[in-house]
Each structure stands twice: as structure tokens, then as C-alpha cells.
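*Asks:* Dropping the structure in here first, questions after.
The values are calculated or read from the model by the stated rules, or taken from the named source; none is laboratory data. Note that the structure is a prediction, hence the values are computed from the model and not measured. Here the Cβ is made from the backbone with ideal geometry for all residues, glycine too, and neighbour counts use every protein chain on show. Side chains included, ligands, DNA and RNA excluded: accessible areas come from the protein's heavy atoms. Shrake-Rupley method; radii C 1.70, N 1.55, O 1.52, S 1.80 Å.
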Amino acid sequence: MLKTLENTEPGNGDQRLGAYLAMLPALAWRIDIVANEITYLNAYTIPSLGEEAKAVLQNPAYARQMIVGQDNDRFLHCYDQMRNRHPAACTFRIRLADGTIAWFKLMSMPDPELPTCSLGLFMDITAHVNAILSTDGRPPLCDRIDLLDEPVLLIRFSDRRVFMANAAARSLLCYSASDMASLDLGRLFQKNTREQMFHVYEGLIFSDFWAGELIVTDSTGRHHQCMARVQAVARDEKSLLWVTLTHLNTCTACRETPTRCDAPTPPRKTIQAMAKCKTITELLKTMLDVLPPDSPTSGIMLSRIFIAENRVQVTGVGEPFDFLPEDHTHPYEGSIAENIVRFNLPQHVVQETSKSIKPIDWALFIPRGIRSYYAQPFFDNGVLTKVLIFCSRQAESYDPEAPAPLYELYPEFLKGLERCLKRKGAR
């Protein structure tokens, strides 16, 4: 879209694009998925949300509090697709400050000009939704499921066959609208075990809904791993199953990062001080103390990574982290470590946290006044296990092209850390 607009009239592309964005009744944005920064491309304010619209895009934890519970999975999947530069779109509801419910749409596509960026729009579609409401105040089923960008199927209780499917479901399962009526639950979920299906039916019997991972089979015989939500609904004297499918992303393995071999020999006094450290906190404080006087770093943090357990444990020193307990736990998902693994980064530098869309920045760094940081990963047998993070209260404090802070101390740091962890485990 951008390329077409920019080339319509040579020399006037930026002006034409700016005029187009200024006319949109939507908030336009660009996300750099490697830097995890968002830039707003117009000055539009969504009247129903005001500045909270930016919080929805930048802080997933805050978004979860605002979005109606049943729509959270849909929003988070779309958000994850955006962060992976996949085309994505979703509709969801937000409970506004006055208690009313409003409908919103989020759309994203890879930026055709910038290979690390996604472009998107965020808009209020409440008026559109209200325009198709039926006389009883509810959208007709055919309109309601087509509002959703995720695959949705309505399946009859009586014969277990598809009663209705939206366009996204037909696309995922490779069925035409006419052929979809021949699809039944047995064929759709044929790849799942009896035990898995028993849990689905058990949830429907006792709770009227079930949610979890299922394998769905399309018309060509391919099997797709999905998150599924199955809910029993009654509409127009029909008993139905409402099935929402969310296609799962695949994961990529992390790789070993190269080790610098040109580091100068650190002073003997520093090595001796690090060798005496008995705890992770002491080790980090020793490193903080040897930073040069003009260093912008006001705190150092160690993040220990446990990917399989979806958690990271952080320990910080320096004034910003004075009241942070040792081994404070955060989810791996949305962390600096996840970003390093996803993009195989040799280091990760954030120049301005206020532009961040990473949950860890909003949970850990921004509330403590950290505006920029330099994160250095360490791997064991190709698996990310540690990230050392130098934090500053000033923006743009670290040069991604420069050597990592204190990189000459890393061998001693790793030896000291192993010793401290063994001592800690012995207690």
C-alpha cells in the first residue's frame, strides 16, 4: 500500500501519504519488531479511548485488563502475529470507562519497504457493529461470525455437522461454502486422541465450554496445530457448538553467539574482588562499581532464563533496583530473552523504553525510570540461559555497534556466577 501511494506522483509521495493518513478515522502505526519500538504515523485520536488507545498497542498487560475476557485470546494471538511480521487482523471488545462496551478492529501487515517493520491500523468499529444489530439487540449469527477474523465454525448438536462457517474458517480448512456443510466433528478432529476429545466433551457437559490445543484437519489432509475454544450456545431454537480456532506459530531454535576474543585483560584488583563474591548481588555490585565515572549506567541486572518453564528470574543492583528482591520472577513470554531468541540477536539494545511494546519493559524498567538498556546474552550448548543488562535513566545511552559494556569482565563474571549458583544450591 505504501509503495503504491509513494510512487503515484514522483517527489510528492511523502506529502500524499501524510495527507492520506491524516484523513483516516483510525490510529496508524509502525512497529519495528526487532527494536520493539512503535511509531505513530498520524495524530488521530480514537474518541472512545483517547490516549488509552496507545496503551492498548504498547502494553499487553494493560490491554488484557481493558479487553472483554472472552476476546483476550483473539487479541493476544493477533498481537503475536504482528510481532512476527505476519498479516493479521482481529476484532475485540473493550469495556470503556463509563461501563459501556465498544467494538474495535486491529489490522497489521509487513512493511514492504522496511524488512523489520509491520504497519497497521487501530479503529473503533462500534457504529458498524450496531448498524447490523438485529431487532433483539444481537447480530444475526452469519454477521456475527464474519465480524471475527479468526476461523469460527458453528456445529449442530444433532448431527455434529457444520451449520455455518466464516470466511477465515473456510480459508484455513480449504473448503468452499457449499462443501463446508459436509464437514463433521469426526473429520475435523480426526488426528486427536480419544482422551483429548473426552476432555473436550467433559468440559462442554460440566462447564458449557472447553479451551486448549487441538489438531484440525483440512480438506487436503494437512493437520494444523491450533488453540481451540469450544462453547455450547443456543440460538433460534438450535443447539450449537461455537468453535473458534487460533493457528499456532512455530518456534525457532536459538543459536550460539560468537565470543569476543579481543578483550583487554581486566585489572588484577577487579578480578580479585569478583573472586571474593559469594552472591549474585555482590557480583553485580562489583561490576557496577568498576564502571567509569562518565558511564550512563545506573543499574545492572542479571536475568536467568528458563525457557521450558516460561519464566525468567532477575536480580538487579543500583539505585533503580534498590527494592527489587533477588530472583524476582517474570514470564519468559514478552521478555528481552524471548526477543533475543526469536531474532537470534547477538545483543539487544533499546534506545527509548517509552516507545516499547515489550511487556517486560512496562512491568520492570519503565516504572523504575529506565529509559535505555544494553542486553548481552549468554548461551549454554546453544540454549539461552543468561542475559546481562546494563540500564540507564537516560535515553540513547548505548551504541549497538560499540563493544558491550565491561565485555572484558565477562569470562570472570561467568566463572563467578557459576560459583555463586553452586553456593546458593548448596544451602
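*Asks:* With all protein chains present and a 1.4 Å probe, how do His128, His330 order by accessible area, largest first?
*Replies:* Putting His128, His330 in descending order of accessible area: His128, His330.
*Asks:* To continue, here is another question. Going by average Cβ neighbours within 10 Å, how do the peptides 266-273, 387-394, 227-234 rank, with the highest at the top?
*Replies:* In decreasing order of mean packing, 266-273, 387-394, 227-234 become 387-394, 227-234, 266-273.
*Asks:* Right, here's the next one. Please list Glu37, Glu52, Glu333 from largest to smallest accessible area, probe radius 1.4 Å, with all protein chains kept in place.
*Replies:* Glu333, Glu52, Glu37
*Asks:* Over the Cα atoms of the chain, what Rg and Dmax result, in angstrom?
*Replies:* Over the chain's Cα set, Rg and Dmax evaluate to 25.5, 82 Å.
*Asks:* Rolling a 1.4 Å sphere over the protein heavy atoms, what is the accessible area per residue of the chain, to the nearest Å²?
*Replies:* Each residue of the chain exposes 50 Å² on average to a 1.4 Å probe.
*Asks:* Whose amide H sits under 5 Å from the amide H of Arg371, counting only residues 5 or more places off or on another chain, with H placed in the peptide plane?
*Replies:* Those lying under 5 Å, H to H, from Arg371 are Ser392, Arg393, Gln394.
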